[in-house]
Amino acid sequence: MERASAVTMKGNPMTLVGPELKEGDKAPEFSALDNGLGEVKLNESKGKARLISVVPSLDTPVCSSQTKKFNDELNKLGDKVAAYTVSADLPFAQGRFCSSEGIDNMKVISDYRDMDFGEKYGLKIKELRLLARAVLVVDKDDTITHMQIVPEVTQEPDYTSAMEALKKAAGE
């Protein structure tokens, strides 16, 4: 399933592959890889509110900034939530990024292998084989309570509304 012109990259329309999820939908189970090539699934954090920050590549300034901002904000919530950054970067590159930038409140996971996350969440950019920039909040019952797909991939998401939704989902 493809959706034309859902997002742009530097003004150029891109095609998203997968379903068009919205708030109130069940969050699909997915499989991605952590920095040690171990499998990561959504159900590992069942029972917690979850923030899923999706970026095209950690090697770009906006993606790096997005990951660092959410990492810093998560200090206040402790272990009440689980947080992920998902990109199509290689797990080894993600590991280097986390080490050099002090990312310790988010689990950075890779969708490079088979784009399972991107295709199940409708965030795979067909033309680039990267993920669209997005932020999701999934509650303890696996329901999407917040979803923002940033229309222009080179722009930052709305951090405030995402963190408010996460706090609400966590019972804060």
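The values are calculated or read from the model by the stated rules, or taken from the named source; none is laboratory data. Just so it is clear, the structure is predicted and the values come from calculations on it, not from any experiment. With ideal geometry, Cβ positions are generated from the backbone for all residues, glycine too; neighbour counts draw on all protein chains shown.
Brief remarks on what is shown
- Selection from the stretch 53-105 of residues that are small (Gly, Ala, Ser) and not in a strand (DSSP E or B): 57, 64, 65, 78, 88, 93, 95, 99, 100, 102
- Among the residues listed as 104, 59, 79, 72, the single one being among the acidic types (Asp, Glu), under 21 Å from residue 171 (Cβ atoms) and at pLDDT below 95: 79
- For the stretch 16-31, the criterion of being touching a helix residue (DSSP H, G or I) at 6+ places or on another chain (Cβ under 6 Å), within 21 Å of residue 84 (Cβ to Cβ) and either without any contact (Cβ under 8 Å) to a residue 60 or more places away in the chain or of a type in the set (Asp, Glu) (or both) is met by at least one residue.
- Residues (over 15 Å from residue 144 (Cβ atoms), in contact with an Asp or Glu (Cβ under 8 Å, 6 or more places away or on another chain), outside any loop (DSSP other than H, G, I, E, B) and of a type outside the set (A, V, I, L, M)) located in the stretch 10-41: 15, 31, 41
- Residue match in the stretch 143-155 (condition: closer than 24 Å to residue 168 by Cα, in contact with a Phe, Trp or Tyr (Cβ under 8 Å, 6 or more places away or on another chain) and modelled with pLDDT of 95 or more): no
- Residue, nearest to the chain's Cα centre (by Cα), within the stretch 115-172, restricted to residues that are assigned to a loop (DSSP other than H, G, I, E, B) and basic (Lys, Arg): 133
- On inspection, residue 44 does not qualify as among the charged types (D, E, K, R) and not in a helix (DSSP H, G or I).
- Of the candidates 51, 37, the single residue that is surrounded by 15 or more Cβ atoms within 10 Å (Cβ to Cβ) and either of a type in the set (A, V, I, L, M, F, W, C) or modelled with pLDDT of 95 or more (or both) is 51.
- Comparison of 64, 87, 53 shows that the only residue that is more than 14 Å from residue 134 (Cβ to Cβ) and of a type in the set (S, T, N, Q) is 64.
- Pairs where the first residue, in the stretch 54-66, is more than 18 Å from residue 16 (Cβ to Cβ) and the second is among the aromatic types (Phe, Trp, Tyr), C-beta under 9 Å, 6+ apart: 58/97; 59/97; 64/97; 66/159
- Residue 50 being among the charged types (D, E, K, R) and under 26 Å from residue 171 (Cβ atoms): yes
- Residue identified as among the hydroxyl-bearing types (Ser, Thr, Tyr), closer than 16 Å to residue 137 by Cβ and either under 15 Å from the mean Cα position of the chain (by Cα) or surrounded by 16 or more Cβ atoms within 10 Å (Cβ to Cβ) (or both) among 45, 31, 57: 45
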